[in-house]
Amino acid sequence: MPDMDFNTTAGQTVAREMLIAYLNTGESGTPTWSPIGKRVEDSSIEFDWQTETKVDIFGDTYTTGKKATRTQTFEPCELDGADAAQQKIWNLAIKDNNVQALLNQDMLIVHLYAGTENTAVFAERYSACSVLPSSLGGEGGGSVGMPIDVTYGGTRTTGTASISNGTVTFKADGEE
């Protein structure tokens, strides 16, 4: 895939709303991409490159690293009946207590600011993500929250996403 340009106005920062994580709430072959993080005020993908810096016997400094482990926390993530991603996670974690399924979720990160706006933006799909609630509850008189920790894993497939009437479609690089 060639380098992409940002599709935003030059000199203007990219709005946070243009970086969205989606959970597949459908089937693997016919995914339904549901956004994750509704009502979350601050969430970032953290990169752990596992770097190590050494100085050799000649006094030269070298740094080694590995491919980054990518993690993201969605908090407070208050429960909402219209949120398909939360409902899927709640059913797997709370109702079914199915840790194997929670450790094998299909996620899509859509970079709405890179590529052709809404028709071919950069996206990366991860086939086996860990999607784990870290708690369930909240303050009396408030809302029930279910903070979620995601570790992006499995096969990383890059491509483009298009969005039409709220429906996200992913096309892997090299797909016709």
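The values are calculated or read from the model by the stated rules, or taken from the named source; none is laboratory data. Source: prediction; values computed, not measured. So basically every Cβ, Gly included, is an ideal-geometry build from the backbone, and we count neighbours across all protein chains shown. Keep in mind that these areas ignore ligands, DNA and RNA; they rest on the heavy atoms of the full protein, side chains included. Shrake-Rupley method; radii C 1.70, N 1.55, O 1.52, S 1.80 Å.
Counting only protein heavy atoms and a 1.4 Å probe, the chain has 61 square angstrom of accessible area per residue.
Each residue of segment 158-164 is assigned a 3J(HN,Hα), and the resulting list reads 9, x, 10, 10, 10, 10, 9 Hz, derived from the Karplus form 6.51 cos²θ - 1.76 cosθ + 1.60 (θ = phi - 60°), x at Gly and Pro. Less than 5 angstrom separates the built amide H of ASP83 from none of the residues sequence-distant by 5 or more or on a different chain. For segment 66-72, the Karplus equation 6.51 cos²θ - 1.76 cosθ + 1.60, evaluated at θ = phi - 60°, returns couplings of 10, 4, 5, 8, 10, 10, 8 Hz by residue, with Gly and Pro reported as x.
Computed over neighbours whose Cβ is under 15 Å from that of SER43, the net charge equals -4, Lys and Arg +1, Asp and Glu -1.
Whole-Hz Karplus values for segment 139-151 come out as 6, x, x, x, 9, 7, x, 9, x, 10, 10, 10, 10 Hz, taken residue by residue from phi with 6.51 cos²θ - 1.76 cosθ + 1.60 and θ = phi - 60°; glycine and proline positions read x.
Could you work out what % of the accessible surface of the chain is carbon and sulfur, using a 1.4 angstrom probe and leaving DNA, RNA and ligands out of the count? Heavy-atom surface of the chain belonging to carbon and sulfur, 1.4 Å probe: 49 percent. Heavy-atom accessible area with a 1.4 Å probe sorts TYR152, TYR62, largest first, into TYR62, TYR152. Of the residues GLN100, GLN12, GLN50, which exhibits the maximal mean-square fluctuation in a Gaussian network model of the chain defined by a 10 Å Cα contact cut-off? Largest GNM mean-square fluctuation: GLN12. In plain terms, the chain from ALA10 to ASP149 could stretch by 46.7 nm, reckoned as 0.36 nm per residue minus the Cα-Cα distance. In the assembled protein chains, SER127 presents an accessible area of approximately 60 Å² (probe radius 1.4 Å). Of all aspartates and glutamates in the structure, the ones whose alpha carbon falls short of 13 Å from that of LYS171, not counting any fewer than 8 places away in one chain, are GLU124. Cross-link partners of LYS67 among lysines, defined as those whose alpha carbon lies under 22 angstrom from its own and excluding same-chain residues fewer than eight positions apart: LYS54.
Of the listed residues GLU176, GLU41, the order by accessible area with a 1.4 Å probe, largest first, is GLU176, GLU41. With the convex hull drawn around the C-alpha atoms of the chain, the volume per residue stands at 192 Å³. Take ARG39: with every protein chain present and a 1.4 Å probe, its accessible area is about 130 Å². PHE6 exposes around 130 Å² of accessible area when a 1.4 Å probe is run over every protein chain in place. Could you name the lysines whose alpha carbon sits less than 17 Å from that of LYS38, not counting residues in the same chain fewer than 8 places away? Here the lysines satisfying the reach criterion relative to LYS38 are LYS88.
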